[in-house]
1. Mind listing whichever residues of region 66-115 are among the aromatic types (Phe, Trp, Tyr) and at pLDDT 80 or above?
2. Quickly run through region 23-51 and pick out the residues that are under 24 Å from the mean Cα position of the chain (by Cα), more than 18 Å from Gly81 (Cα to Cα), of a type outside the set (Val, Ile, Thr) and open to solvent by 70 Å² or more (accessible area, probe 1.4 Å).
3. Of everything in region 5-30, what is touching a strand residue (DSSP E or B) at 6+ places or on another chain (Cβ under 7 Å), free of Cβ contacts under 8 Å to residues at least 40 places away in the same chain and in a helix (DSSP H, G or I)? Give them in sequence order.
Amino acid sequence: MHPVETILQTTMRELKNIVDVNTIVGNPIYGEGGAVVIPVSKVCLGFFAGGGDFPTQALPRKGQPDFDANGYPFLGASVVGVSIQPKAFLHMKGSEVTLMHADCDNTLDRLVQMIPNAMTEIRDAIVSVREQRCEPQEEDEP
């Protein structure tokens, strides 16, 4: 096996240990009252590997370790860059599920995130007002 293949296999094996499914969708975190929080992250990965046989000014050294069949030394390297950014947290409590964004940078983002809860509260308020109007009023007896 050529040394470049060895470098690639070793690097890929180590990458599998670094970045797995639990890095993107994290392990659940259990809290009080049955609350569960699951972190969700964005993972970016950059990878480079390469190498070659380089002649030296000295005579080739055939048959020695770290030298190829022609007697030239091998030079190789691999580089990996990983960026992990938290994006959101999935919060579950009972039958209620909420997605909390981790990167709300401005007021507009926060307002958009609050719209579903506001709509639910408005609907509940309208329903309660209608129920109050439809209920018969009890009259006081003398």
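1. Selection gives Phe89 alone.
2. Of the residues in region 23-51, the ones under 24 Å from the mean Cα position of the chain (by Cα) are 23-31, 34-48.
Those left that are additionally more than 18 Å from Gly81 (Cα to Cα): 25-31, 34-40.
Keeping just the survivors that are of a type outside the set (Val, Ile, Thr) gives 26-28, 30-31, 34-35, 39.
Within region 23-51, Asn27, Tyr30 qualify.
3. Ile24
The values are calculated or read from the model by the stated rules, or taken from the named source; none is laboratory data. Given the structure is predicted, the values throughout are model-derived calculations rather than measurements. Cβ atoms come from the backbone with ideal geometry, glycine included; neighbour counts cover every protein chain shown. We work out accessible area using only protein heavy atoms, side chains counted, and drop any ligands, DNA or RNA first. Shrake-Rupley method; radii C 1.70, N 1.55, O 1.52, S 1.80 Å.
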